[in-house]
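Participant: Below are the C-alpha cells for one structure; questions will follow.
Please treat every number below as a calculation from the coordinates, not as lab data. Owing to the predicted nature of the structure, the values given are computational and were not obtained by experimental measurement. Virtual Cβ from ideal backbone geometry, glycine too; neighbours counted across all protein chains shown.
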Amino acid sequence: MSETVILHAGATASAPALVLRPWGMEDIAALVEAARDAALRRWTSLAVENESDAAAWVRSQERDWETGDRLAFAVLEVQPHAAYDLEVQPDAADVAQSGAGYGRLVGSVVFKGAGLGRSAAEVGYWTAAYARGRAVAPRALETLTDWAFAAFAGDGLERLELLHQVDNAASCRVARKTGYDLEAVLPAAPPEFPLEGHVHVRHRDS
C-alpha cells in the first residue's frame, strides 16, 4: 500500500488511548526490549535478539507494506503530552519523524493475506509484557478489524481468521472478547505447531 495508515483506539478508565501505525526504525530499541519476554517468544515467531535483528525485522515489515501482502502495525500508548489531536490524521511527514508524542510501544497487530478477490484474510497480535492487563490487545484488534473490513470491502473481504495454539488461553480470551468465534480445531503439525490450534472467525457484518 502506498498510503500511510494511522489508526486510533480509545482510552479506557485505567489505560491511555492507542495509536496504530506502520513499524519504523524508531521502534528498534523498544522492539528489542519487548522481544526479551519469554511468553512472547513462546507464542509468536518473533526472533529478535539484538538491534541488528530488530532492524532486519522492521525492514521486512516495510517491504510487506510496499507489496500489501502483510500489514503490521506498531501499537503505542498515547501520552498525556501527545502532540497529535486524535481526531486528526497525522500526515506522512509527521509519521516519518521519531513518533514523539505517541508514547511507549505496547504491542503489535497484523493483517495478512487480503487482496483483490480474496474473501478471507488473517489477523494476529502480540502485547509487550509490561503492557499486559490494560486491554491493549482487544482494543488494538478491534480497531484493526474495523479498519480491515472497511478498507478491503471493495476487494471482497468477508471473513477474518485468528489462529492460536490450543493452550494459549490468553489469545482465546482476546478472540472471544473481540467477537471472533471459535470455528474449528486444527490438528497439530510438529515441530512448528506441536499442539492443536484454534481457528477463531469474525465476519464482516458481525
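Participant: If we count other beta carbons within 10 Å of each Cβ, what is the order of L144, L7, fewest first? Provide the component values of the computation, followed by the final result.
Facilitator: On the way: L144 24, L7 17.
In increasing order of surrounding Cβ atoms, one gets L7, L144.
Participant: Give the long-range amide H neighbours of V106: residues separated by 5 or more places, or on another chain, with amide H under 5 Å away, using H modelled in the peptide plane at 1.01 Å from N.
Facilitator: So V106 has HN proximity to V75, L76, E77.
Participant: Continuing with this model, one more query. Step through the residues of segment 122-138 one at a time and calculate ³J(HN,Hα) from phi using the Karplus curve (6.51 cos²θ - 1.76 cosθ + 1.60, θ = phi - 60°), rounding each to whole Hz and writing x for Gly and Pro.
Facilitator: Going residue by residue, I get 10, 10, x, 6, 8, 10, 5, 4, 6, 10, 6, x, 10, 6, 5, 4, x Hz, with x marking Gly and Pro.
Participant: With a/c under 1.5 counting as rounded, go ahead and sort segment 1-83 into rounded, prolate or oblate using the C-alpha gyration tensor (a ≥ b ≥ c being the square roots of the eigenvalues; past the cut-off, prolate if a/b is larger than b/c, else oblate).
Facilitator: Oblate is the answer for segment 1-83, as a/c is 1.5 or above yet b/c matches or exceeds a/b.
Participant: Tell me, what ³J(HN,Hα) does each residue in segment 173-186 have, in order and in whole Hz, if you take phi through Karplus 6.51 cos²θ - 1.76 cosθ + 1.60 with θ = phi - 60° and put x for Gly and Pro?
Facilitator: My calculation for segment 173-186 gives 5, 4, 4, 5, 5, 9, x, 8, 7, 5, 10, 7, 10, 8 Hz in order.
Participant: In which sequence would S108, S45 go, from the one with the fewest C-beta neighbours within 10 Å to the one with the most?
Facilitator: On the way: S108 25, S45 7.
In increasing order of surrounding Cβ atoms, one gets S45, S108.
Participant: Cβ under 10 Å from Q165's Cβ, Q165 left aside: what net charge do those residues give with Lys, Arg +1 and Asp, Glu -1? Kindly include the intermediate steps, with their values, before the conclusion.
Facilitator: Numbers: positive: R42; negative: D167, E196.
Once positives and negatives cancel, what remains is -1.
Participant: Mind telling me which of T143, T127, T67 comes out most flexible in a GNM of the chain, alpha-carbon contacts under 10 Å?
Facilitator: T67
Participant: Per DSSP H run of n ≥ 4, the term is -39500 (n - 2.57); total these for the chain, divide by its residue number, and report the mean residue ellipticity at 222 nm rounded to 500 deg cm²/dmol. Display every interim value, and only then the final one.
Facilitator: Numbers: 6 runs with 60 residues, N = 206.
Per the formula, -8500 deg cm²/dmol.
Participant: Fully extended, how many nm does the chain gain between E33 and M1 (0.36 nm per residue separation, minus their Cα-Cα distance)? Could the numbers behind the result be given before it?
Facilitator: Working: separation 32, 0.36 × 32 = 11.52 nm, distance 2.85 nm.
Working it through step by step, the gained length comes to 8.7 nm.
Participant: Further, regarding this structure: Fewest first, what order do W23, W43 take by the number of other Cβ atoms within 10 Å? Don't skip to the end; give the middle numbers.
Facilitator: Details: W23 23, W43 16.
Ascending Cβ contact count within 10 Å gives the list W43, W23.
Participant: Restricting to Cα pairs below 8 Å that are 6+ residues apart, what does the relative contact order work out to for the chain? Please round to a whole percent.
Facilitator: On the way: 367 pairs, mean separation 36.0, N = 206.
In percent, rounded to a whole number, it is 17.
Participant: Pulled fully out, how much extra length does the chain show between V166 and D69, if you take 0.36 nm times their separation in residues and subtract their Cα-Cα distance? Can you show the working numbers first?
Facilitator: Numbers: separation 97, 0.36 × 97 = 34.92 nm, distance 2.64 nm.
Result: 32.3 nm gained on full extension.
Participant: So in segment 7-161, what percent of DSSP beta bridges are antiparallel if you round to the nearest 5? It would help to have the intermediate numbers written out before the result.
Facilitator: Working: 21 of 24 bridges.
Expressed as a percentage, antiparallel bridges in segment 7-161 total about 90.
Participant: Pick the calculated Kirkwood radius over Cα pairs in Å for this structure from (i) 17.5; (ii) 18.4; (iii) 19.5?
Facilitator: Comparing each candidate, only (i) matches the computed number.
Participant: Between A129 and T44, what length comes free when the chain is fully extended (0.36 nm per residue of separation minus the Cα-Cα distance, one decimal in nm)? Don't skip to the answer; put the middle values down first.
Facilitator: On the way: separation 85, 0.36 × 85 = 30.60 nm, distance 1.31 nm.
Residue separation times 0.36 nm, minus the Cα-Cα distance, leaves 29.3 nm.
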